[in-house]
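See below for the structure under consideration.
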Amino acid sequence: MIPQQQQYNSLLCTGYTNDKSFVVRGLNIGIFNNTQKDVEYETTISMAKEEAFIPRKIMLHKQDNNMLILHPTMKETVYNMDLHNGKTCERWHMNDFNVKEILPINKNAQSTSASTLLGLNTAGFFMIDARMEEKIIKDCCFQYANNQRFSCGATTNRGDLVLGTSKGTIKLFNHKKLVSNAYSRHNAKKINGIYNKIKATSNLNNITNEIIGIDVTADGNWILATCKTYLLLIFSGLEDNTTGFDKPLISKGVKMFYLNINANDKTVKNVSFTPAQFNAGNNAEKHILTSTGKFLITWDFEKMKKEFYKNDKNLEQCIIREYQIKKYEYNIILDKFRYKDDKSIVVLFQNDVCLSKI
């Protein structure tokens, strides 16, 4: 039996094809329809009928037909739930590899029938194929000999991968290295028959704080890292229309800008940001979203980019400290953009969920 005090909203994800919101509350997953004005309750899936546990992480899969769920303690298993009948149809065992996070294989993969995805743990990452009996693709499994302390990740449209760490570093991996056998295997060590060597294209090591969330634009030109008290916006584009996923970025020369709460804004205290994100789905990111306490905060990313290019890619001259802030009665747990909508945000509280407009 789950203690009564834990029966509150904890996780949120928004649909890619059916415009619904999914809210984890204890052993239940509430499903809501996103309307023009608000979210409307539709139904509840109870997990108490099978293995009773509160999900640690959820991710929609295969055009919202399935939900992938991570167990709070059984970290070597991914549960695949059929959302049409609310039952776990598969349990994927990861062969002694812990799974900290699961990520789409590319930016918009969840809106397609893609069967592959990425698994992440503190020491490395690996590709999962739902069609295979042994889910981990061994040729696409990369575990470092030393613990990298990976904490979060995101992918671009073409499948480039950016990872953040709890020690304050960011690593960029080119999509070809994740799926190709072209990199040198004869120098790679093996762990249980699995190759563990992959080199990041770019390493950004000059960030001193733990990275708790990371996002990237569809084209890979911009990276958004979340630390507890500030956001870090990084331009990864290069002069020849490539990015730091294609060629190495030099840490000292990288253009980055801190987004934070104005020191004169006395209404917001004890800042602790939720993982920030770009709106997604139309390949034209226009806003940045995060929250802290009772406050929902957005930045006009479209305006930032216009000023950035207008001032010859000089971030210091850009007027991008301005943000919109909206206060609610209760603390915000999580917030998500609706897919293909840069002005509608689903906001989750401990005991409620609502729709907010920019």
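The values are calculated or read from the model by the stated rules, or taken from the named source; none is laboratory data. Because the structure is predicted, anything quoted here is derived from the model rather than measured. All Cβ positions, even for glycine, are placed from backbone atoms using ideal geometry, and neighbour counts span all protein chains on display.
Taking the stretch 257-295 as the range and being of a type in the set (A, V, I, L, M), more than 16 Å from Thr229 (Cβ to Cβ) and surrounded by fewer than 21 Cβ atoms within 10 Å (Cβ to Cβ) as the test, only Ala284 passes. Please tell me if Asn98 is surrounded by fewer than 16 Cβ atoms within 10 Å (Cβ to Cβ), farther than 28 Å from Ser166 by Cα and within 20 Å of the chain's Cα centre (by Cα). The answer is no for Asn98. Of all the listed residues (Arg131, Arg149), the sole one being on the phi > 0 side of the Ramachandran plot and basic (Lys, Arg) is Arg149.
The residues on offer are Phe53, Phe97, and the sole one that is under 21 Å from Met132 (Cα atoms) and not β-branched (Val, Ile, Thr) is Phe97.
Number of residues in the stretch 124-147 that are within 19 Å of Lys177 (Cβ to Cβ), modelled with pLDDT under 90 and not aromatic (Phe, Trp, Tyr) equals 8. Can you pull out every residue in the stretch 49-102 that is of a type in the set (Asp, Glu) and in a loop (DSSP other than H, G, I, E, B)? Glu50, Glu51, Asp64, Glu76, Asp96 - these are the residues of the stretch 49-102 that are of a type in the set (Asp, Glu) and in a loop (DSSP other than H, G, I, E, B). Asn9 falls short on exactly one of the conditions (1) without any contact (Cβ under 8 Å) to a residue 60 or more places away in the chain; (2) farther than 21 Å from Lys340 by Cα, and that condition is (1). Residue by residue through the stretch 204-223, note down the ones that are among the polar types (S, T, N, Q), out of contact with any Gly (no Cβ under 6 Å at 6 or more places or on another chain) and under 23 Å from Ser291 (Cβ atoms). The answer is Thr217, and nothing else. Applying the selection to the stretch 109-146, what residues are part of a loop (DSSP other than H, G, I, E, B), crowded, with 19+ Cβ neighbours inside 10 Å and within 20 Å of the chain's Cα centre (by Cα)? Within the stretch 109-146, just Ala123 meets the criteria. Residues in the stretch 174-212 that are of a type in the set (D, E, K, R) and modelled with pLDDT of 75 or more were compared, and the one that is farthest from Cys140 (Cα to Cα) is Glu210.
Number of residues in the stretch 17-29 that are surrounded by fewer than 19 Cβ atoms within 10 Å (Cβ to Cβ) and part of a strand (DSSP E or B) equals 1.
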